[in-house]
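A short worksheet on the structure shown next.
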Amino acid sequence: MSKVGIIMGSKSDLPVMQDAIDILKELGIDVEVDIVSAHRTPEKLFDYGKNAHTRGINVIIAGAGGAAHLPGMVASLSPLPIIGVPVKSSNSIDGWDSVLSILQMPGGVPVATVALNGAKNAGILAAQILGSTNSEIQNKIIAYKEELKAKVVESAKDLSTN
């Protein structure tokens with residue numbers, strides 16, 4: 001089965017990153033979760049970035065706040081698709097520093113970037129990437145989107161009865 005690596009710069013990012021963990025588990029996708037700090041554990045970062053694909057990881061979701069170097073640094077080392085989650089942290093400037101640090105990558109080192117604290121969308125995007133070559137996962141994504149549609153239709157019905 002496909003596996004998504006979910007990393008974050010510190011444990012304080014976990015409440016945001018939990019949304020990615022939860023949606024991937026809901027979709028039946030294996031996750032590996034770890035704390036990898038670009039600034040405090042650079043050796044671990046290099047090992048993770050260079051070797052995640054050899055451990056069966058297919059996509060990496062990297063969440064980071066403040067200067068938010070983790071997603072870009074992992075992208076510079078890994079052949080895998082990287083999805084960056086900017087995290088509004090206690091040391092960030094309303095999260096904009098994180099958004100721009102992850103979004104403004106140089107040519108040749110792409111990081112797909114979701115909204116500030118958008119870990120759920122990162123999980124869905126990771127599943128869609130995996131689903132492009134795995135029909136079982138793709139069918140789960142199709143069913144998930146049908147559920148979203150049904151919720152909107154039901155909400156609209158609720159409005160019309162008021």
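The values are calculated or read from the model by the stated rules, or taken from the named source; none is laboratory data. Because the structure is a prediction, the values reported are computed rather than measured. Here the Cβ positions follow ideal geometry from the backbone for every residue, glycine too, while neighbour counts run over all protein chains shown.
Asp19 meets all of the listed conditions (1) under 30 Å from Asn139 (Cβ atoms); (2) touching a helix residue (DSSP H, G or I) at 6+ places or on another chain (Cβ under 9 Å); (3) free of Cβ contacts under 8 Å to residues at least 60 places away in the same chain; (4) part of a helix (DSSP H, G or I) but one, namely (3).
Is there any pair with a first residue in segment 131-145 that is farther than 15 Å from Glu26 by Cα and a second that is surrounded by 11 or more Cβ atoms within 10 Å (Cβ to Cβ) and at pLDDT 95 or above whose Cβ atoms are under 8 Å apart and which are 6 or more apart or on different chains, and what are they? Once the first residue is farther than 15 Å from Glu26 by Cα and sits in segment 131-145, its partners that are surrounded by 11 or more Cβ atoms within 10 Å (Cβ to Cβ) and at pLDDT 95 or above give Ser132/Gln138.
Residues that are surrounded by 22 or more Cβ atoms within 10 Å (Cβ to Cβ) and either more than 13 Å from Lys120 (Cβ to Cβ) or among the basic types (Lys, Arg) (or both) within segment 5-37 comprise Gly5, Ile7, Met8, Gly9, Asp13, Ile29, Val36, listed in sequence order. Here the helices (runs of 4 or more DSSP H) wholly within segment 93-162 that include at least 3 residues being polar (S, T, N, Q) and surrounded by fewer than 18 Cβ atoms within 10 Å (Cβ to Cβ) are 135-160. Within segment 76-85, being within 19 Å of Arg40 (Cβ to Cβ) and either of a type in the set (Gly, Ala, Ser) or buried (at least 20 other Cβ atoms within 10 Å of the Cβ) (or both) holds for Ser76, Gly84, Val85. Assigned to a helix (DSSP H, G or I) and either under 15 Å from the mean Cα position of the chain (by Cα) or basic (Lys, Arg) (or both): does that describe Ile7? Criteria not met by Ile7.
Screening segment 100-130 for residues that are β-branched (Val, Ile, Thr) and touching a residue at least 60 places away in the same chain (Cβ under 8 Å) and picking the one that is farthest from Leu24 (Cα to Cα) gives Ile129. Residues of segment 50-90 that are assigned to a helix (DSSP H, G or I) and either closer than 15 Å to Val4 by Cβ or aliphatic (A, V, I, L, M) (or both): Ala52, His53, Arg55, Leu70, Pro71, Met73, Val74, Ala75, Leu77.
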